[in-house]
Amino acid sequence: MPEMPEVEAVSRLLRRHAVGARIVCLRIERLRITAPQDPRDVELGASGRTIDTVDRRGKNILVHLSGGSALHVHLRMTGNLRVIQDARLHNAVTSAWALLDDGRGLVFEDPRGLGTLRLHPAGTTQDFGLGPEPLSPDFSAEAFHALAKASRQPAKSFLMDQRQIAGLGNIYAAEALWQARVNPARMISSISRPKLRTLHAAIVRVLEDAVESACIAYSRPGGFREAEEYSPSVYDREGQACLRCRRPIRRIVQAGRSTYYCPRCQR
DNA sequence: CTGCCCCTGTAA
DNA sequence: TTACAGGGGCAG
């Protein structure tokens, strides 16, 4: 279920509970997840290494290992990373798991199996081709304005394009557009400067709230139940009353994905 | 831009 | 049984 806020929550959890531990061995259960790399190479490359630091870039997690290599995890739709007390207790939806030197397990769970795990060899720097981090100082209103004016995409496609902004996905893109009262189909470059400023602020506010919710949810025993913490204002509310104007929320399809919006508030 | 693919679970 | 799922890469 991860967009940037959930990935951030997972990253913080790893920083708290996994950094400093040594990976005795890594086991890839779902062989496809490392493609095009050989799963064995990933297993051998990580085994015996210590977890030094954890970085997040957009929705990507980088687990930096001693010696300079790094595990690169993308959770896609249904992935999750958890530290469990006993590595032997990993379950049926485990895509990969690492036995840590104190017996705990670092587990990559993913019922749908779309998530990926790769190894970046020491000395290589991976270019993710990502836009600015929306909660970093790089993401100023001015920077956002410049990106928007240079694009001819519909507003929602623009927000979800990782090359423009790193980490926004279907839920929070819809939420930000609703907050700022921007029609998701409107071409982003045609939006006025004041409106873009409003949208910029909405993106930051929505993500800050979501990061907070996700961190609370993920830090609870049992892991990620963020749906209980974060309830979207428009996402997945087709036919229900808009929380501002009571008109029914509409669902359309953009770029093959559902978009929810209020036809009255978002013109 | 559209559509198709990856894979599995869940809900209508 | 079908549609859809919070992601992303690819071909056309």
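The values are calculated or read from the model by the stated rules, or taken from the named source; none is laboratory data. Every value quoted in this text rests on a predicted model; they were computed, and no experiment measured them. Positions of Cβ are backbone-derived with ideal geometry, glycine not excepted, and every protein chain shown enters the neighbour counts.
Summary of values
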quantity	calculated
Residue tally, condition in contact (Cβ under 8 Å) with a residue 12 or more places away in the chain and away from DNA strand B (no atom under 16 Å from the Cβ), over the range A:9-36	18
Pick from the range A:112-127, criterion of a type outside the set (K, R) and loosely packed, with under 15 Cβ neighbours inside 10 Å, ranking: farthest from A:G67 (Cα to Cα)	A:D127
Unique residue being of a type outside the set (K, R), modelled with pLDDT under 95 and within 16 Å of DNA strand B (Cβ to nearest atom) when the list is A:G256, A:G239	A:G256
Single residue of A:R118, A:R112 found to be within 13 Å of DNA strand C (Cβ to nearest atom) and either more than 22 Å from A:V54 (Cα to Cα) or among the β-branched types (V, I, T) (or both)	A:R112
Candidates A:Q162, A:Q153, filtered to the one that is polar (S, T, N, Q) and within 30 Å of A:G67 (Cα to Cα)	A:Q162
Counted residues, the range A:133-157 - those being crowded, with 23+ Cβ neighbours inside 10 Å and within 24 Å of A:E238 (Cα to Cα)	2
Test: residue in the range A:56-75 that is surrounded by fewer than 22 Cβ atoms within 10 Å (Cβ to Cβ), in a loop (DSSP other than H, G, I, E, B) and of a type in the set (A, V, I, L, M, F, W, C)	no
Filter result for the condition that a residue is surrounded by fewer than 18 Cβ atoms within 10 Å (Cβ to Cβ), touching a Leu at 6+ places or on another chain (Cβ under 9 Å) and of a type in the set (D, E), over A:D52, A:D101	A:D52
Pairs, first under 14 Å from A:A173 (Cα atoms) in the range A:244-259, second surrounded by 13 or more Cβ atoms within 10 Å (Cβ to Cβ) and among the basic types (K, R), C-beta under 6 Å, six or more apart	A:Q254/A:K156; A:S258/A:R251; A:T259/A:K156
Selected residue [touching a strand residue (DSSP E or B) at 6+ places or on another chain (Cβ under 8 Å) and not in a loop (DSSP other than H, G, I, E, B)] from A:R12, A:R27, A:R32	A:R27
Counted residues, the range A:236-248 - those being under 25 Å from the mean Cα position of the chain (by Cα) and either outside any loop (DSSP other than H, G, I, E, B) or surrounded by fewer than 17 Cβ atoms within 10 Å (Cβ to Cβ) (or both)	2
Unmet criterion (only one of (1) surrounded by fewer than 20 Cβ atoms within 10 Å (Cβ to Cβ); (2) under 13 Å from A:C262 (Cα atoms)) for A:S219	(2)
Test for A:S233: is it under 24 Å from the mean Cα position of the chain (by Cα), of a type in the set (S, T, N, Q) and at pLDDT 95 or above	yes
A:L177 in contact with a strand residue (DSSP E or B) (Cβ under 8 Å, 6 or more places away or on another chain), crowded, with 22+ Cβ neighbours inside 10 Å, within 26 Å of A:L81 (Cα to Cα) and modelled with pLDDT of 95 or more	no
